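J.: This structure is in structure tokens; I'll ask about it shortly.
The values are calculated or read from the model by the stated rules, or taken from the named source; none is laboratory data. Model, not experiment: these values are computed from the prediction. Heads up, the Cβs are rebuilt from the backbone with ideal geometry, glycines too, and the neighbour counts pull from every protein chain shown.
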Amino acid sequence: MGGRGFEVTMATLKKNKGCSTQVTKFKELFGESARVNLRNLRKAREAGLDVEWVTCLLQKPLRDKYDAAVKPLWDKYDAAVKPLQDKYDAARNSLWDKYLAARNSLWDKSLAAKKPLWDKYLAAKKPLWDKYLAAENRLIVEVMTEAGKD
């Protein structure tokens with residue numbers, strides 16, 4: 001550590017249970033270690049590494065200081081993104097509603113087409129079911145009568 005800043009090592013990642021895919025990607029990108037600096041953070045982000053994860057290694061009071069400093073950044077970002085998210089949500093919801101209407105219509109048609117087949121199936125199996133139930137009833141009476149003799 002010293003005055004040169006924080007260094008992330010493979011040992012640190014493994015000790016702190018870093019996600020295996022992230023650990024593998026880190027090793028491919030940096031080898032055994034990397035110093036936390038702007039160049040390495042940009043490189044890591046571009047490669048898809050979760051660079052915010054490294055902040056979980058901070059101890060109090062540095063973690064509290066980081067959390068307090070990052071909150072206004074998140075708030076500003078969220079406020080800027082909200083109109084975009086709202087516009088996206090409205091467009092997506094409209095498309096989703098159209099999809100559901102089309103799907104429900106097809107589902108209703110499918111059920112209507114299957115109903116005569118289902119009714120025919122039920123009618124065909126009813127005498128077989130009735131025959132099974134009559135035989136099972138006789139078997140139950142026979143077994144329970146035998147059990148009652150003990």
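J.: Hey, Trp96 hits all of (1) surrounded by 10 or more Cβ atoms within 10 Å (Cβ to Cβ); (2) over 24 Å from the mean Cα position of the chain (by Cα) but one; which does it fall short on?
T.: Evaluating Trp96 over (1) surrounded by 10 or more Cβ atoms within 10 Å (Cβ to Cβ); (2) over 24 Å from the mean Cα position of the chain (by Cα) leaves (2) as the failure.
J.: Any chance segment 28-35 includes a residue that's surrounded by 12 or more Cβ atoms within 10 Å (Cβ to Cβ), at pLDDT 95 or above and under 29 Å from the mean Cα position of the chain (by Cα)?
T.: The answer is yes, given that some residue of segment 28-35 is surrounded by 12 or more Cβ atoms within 10 Å (Cβ to Cβ), at pLDDT 95 or above and under 29 Å from the mean Cα position of the chain (by Cα).
J.: Leu117 - would you say it is loosely packed, with under 10 Cβ neighbours inside 10 Å and either touching a strand residue (DSSP E or B) at 6+ places or on another chain (Cβ under 8 Å) or in a helix (DSSP H, G or I) (or both)? Please lay out each step first, then the result.
T.: Values: loosely packed, with under 10 Cβ neighbours inside 10 Å: yes; either touching a strand residue (DSSP E or B) at 6+ places or on another chain (Cβ under 8 Å) or in a helix (DSSP H, G or I) (or both): yes.
Considered against the rule, which asks whether it is loosely packed, with under 10 Cβ neighbours inside 10 Å and either touching a strand residue (DSSP E or B) at 6+ places or on another chain (Cβ under 8 Å) or in a helix (DSSP H, G or I) (or both), Leu117 comes out as yes.
J.: If the Cβ limit is 9 Å and pairs must be 6+ apart or interchain, which residue in segment 32-49 that is basic (Lys, Arg) pairs with which residue that is in a strand (DSSP E or B)?
T.: So the pair list comes out as Arg35/Glu7; Arg35/Val8; Lys43/Ala34.
J.: Let me ask something else about it. Scan Ala113, Ala123, Ala101, Ala69 and give me the residue that is under 30 Å from Trp53 (Cβ atoms), free of Cβ contacts under 8 Å to residues at least 40 places away in the same chain and over 25 Å from the mean Cα position of the chain (by Cα).
T.: On inspection, the qualifying residue turns out to be Ala69.
J.: Still on this structure, please answer the following. On the basis of being part of a helix (DSSP H, G or I), free of Cβ contacts under 8 Å to residues at least 40 places away in the same chain and surrounded by 14 or more Cβ atoms within 10 Å (Cβ to Cβ), does Gln85 make the cut?
T.: Judged against the criteria, Gln85 is not a match.
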